[in-house]
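Novice: Take a look at this one; I'll ask things after.
The values are calculated or read from the model by the stated rules, or taken from the named source; none is laboratory data. Small disclaimer: the values here were computed from a predicted structure and weren't measured. Quick reminder, even Gly has a Cβ in these numbers, built from the backbone with ideal geometry, and neighbours come from all protein chains shown.
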Amino acid sequence: MEYLLELAASPTAWVALATLVVMEIVLGIDNLIFISILTNKLPEQHRQKARRIGIGMALILRLALLSTIAFIVQLTEPVIDILGHAFSWKDMILIAGGLFLLWKATTEIHHSMDPAPDDPTSATSTVTLGFAAAIGQILMLDMVFSIDSIITAVGMTEHLPIMIIAVVVSVLVMLLAADPLAKFINDNPTVVMLALGFLIMIGMTLIAEGFGAHVPKGYVYAAMAFSATIEGLNMLSRRARQKRIAAQA
């Protein structure tokens, strides 16, 4: 209790908390985009449930990993050497997660460009398998993003209460933003392609970091923000053009 009171009275601790909360929210954007795209593939009645399960499991994974900080730190220790390059468990997890994101985003782009015809005779089985597959894929990426998130937290502060508060706040923000973001993506088909492009870029970043090439996150998020701004201008332009056409008609 005395330790918590000392933290609460420390300006440095509050600065660390604010910084870490912002960092965790930014890192959670990747996770949230993936969850939104994946759950939008489900029937509408299952989407919100899948999003809540996915984000809830993200919180559980992050808190569970925080309880094993000593283990998390060891994940950065080299365990295997391939062609003169040492890989840690973290590196291999990031590479696997990046490859999965590349595969998933590429598959979704292919389906968007050349959608397969639906088979109405198997609608029930498709819904069941689709929901289970969606949850499984969300959990897999939750693990990758959770490890990245917790290692970042451990590197920014040594105080466990600050890490826990930052993680809980960031996941609550994800929970609040999940439904509006998913609806926005679903209502704007061009945004789906942009978001899939983000996932490809994030996947390549994870693979690069797994091979030891540090990619400053500021560059990645600046590129995402620039692309989102251009798409926003395109959306405004399309709406203005549609209004003019409607007025002329």
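Novice: Examine segment 215-228 for a residue that is free of Cβ contacts under 8 Å to residues at least 12 places away in the same chain and not in a helix (DSSP H, G or I), and state whether such a residue exists.
Specialist: Within segment 215-228 (the criterion being free of Cβ contacts under 8 Å to residues at least 12 places away in the same chain and not in a helix (DSSP H, G or I)), the answer is yes, since at least one residue qualifies.
Novice: Among the residues of segment 167-188, count how many are in contact (Cβ under 8 Å) with a residue 12 or more places away in the chain and part of a helix (DSSP H, G or I).
Specialist: Residues in segment 167-188 being in contact (Cβ under 8 Å) with a residue 12 or more places away in the chain and part of a helix (DSSP H, G or I): 15 in total.
Novice: Further, regarding this structure: If you check PRO11, PRO43, which single one turns out to be farther than 30 Å from VAL192 by Cα and loosely packed, with under 13 Cβ neighbours inside 10 Å?
Specialist: PRO11
Novice: Between THR126, THR152, THR106, which is hydroxyl-bearing (Ser, Thr, Tyr), at pLDDT 75 or above and either surrounded by fewer than 19 Cβ atoms within 10 Å (Cβ to Cβ) or outside any loop (DSSP other than H, G, I, E, B) (or both)?
Specialist: Among THR126, THR152, THR106, only THR106 is hydroxyl-bearing (Ser, Thr, Tyr), at pLDDT 75 or above and either surrounded by fewer than 19 Cβ atoms within 10 Å (Cβ to Cβ) or outside any loop (DSSP other than H, G, I, E, B) (or both).
Novice: Just give me the residues in segment 189-207 being in contact (Cβ under 8 Å) with a residue 24 or more places away in the chain and either of a type in the set (A, V, I, L, M) or not in a helix (DSSP H, G or I) (or both), in sequence order.
Specialist: Matches in segment 189-207: VAL191, VAL192, MET193, LEU194, ALA195, LEU196, LEU199, ILE200, ILE202, MET204, LEU206, ILE207.
Novice: Another one. Out of segment 166-214, which residues are aromatic (Phe, Trp, Tyr) and buried (at least 17 other Cβ atoms within 10 Å of the Cβ)?
Specialist: Once the filter is applied, which keeps residues that are aromatic (Phe, Trp, Tyr) and buried (at least 17 other Cβ atoms within 10 Å of the Cβ), segment 166-214 yields only PHE198.
Novice: Could you list, ordered by first residue, the pairs with Cβ atoms under 7 Å in which the first is in segment 138-152 and farther than 16 Å from THR68 by Cα and the second is of a type in the set (Lys, Arg) and buried (at least 23 other Cβ atoms within 10 Å of the Cβ), at least 6 apart or interchain?
Specialist: none
Novice: What are the residue pairs meeting all of these: first residue in segment 230-249, first residue among the hydrophobic types (A, V, I, L, M, F, W, C), second residue loosely packed, with under 10 Cβ neighbours inside 10 Å, Cβ atoms under 8 Å, and 6 or more apart or on different chains?
Specialist: Hits for this filter: zero, empty list.
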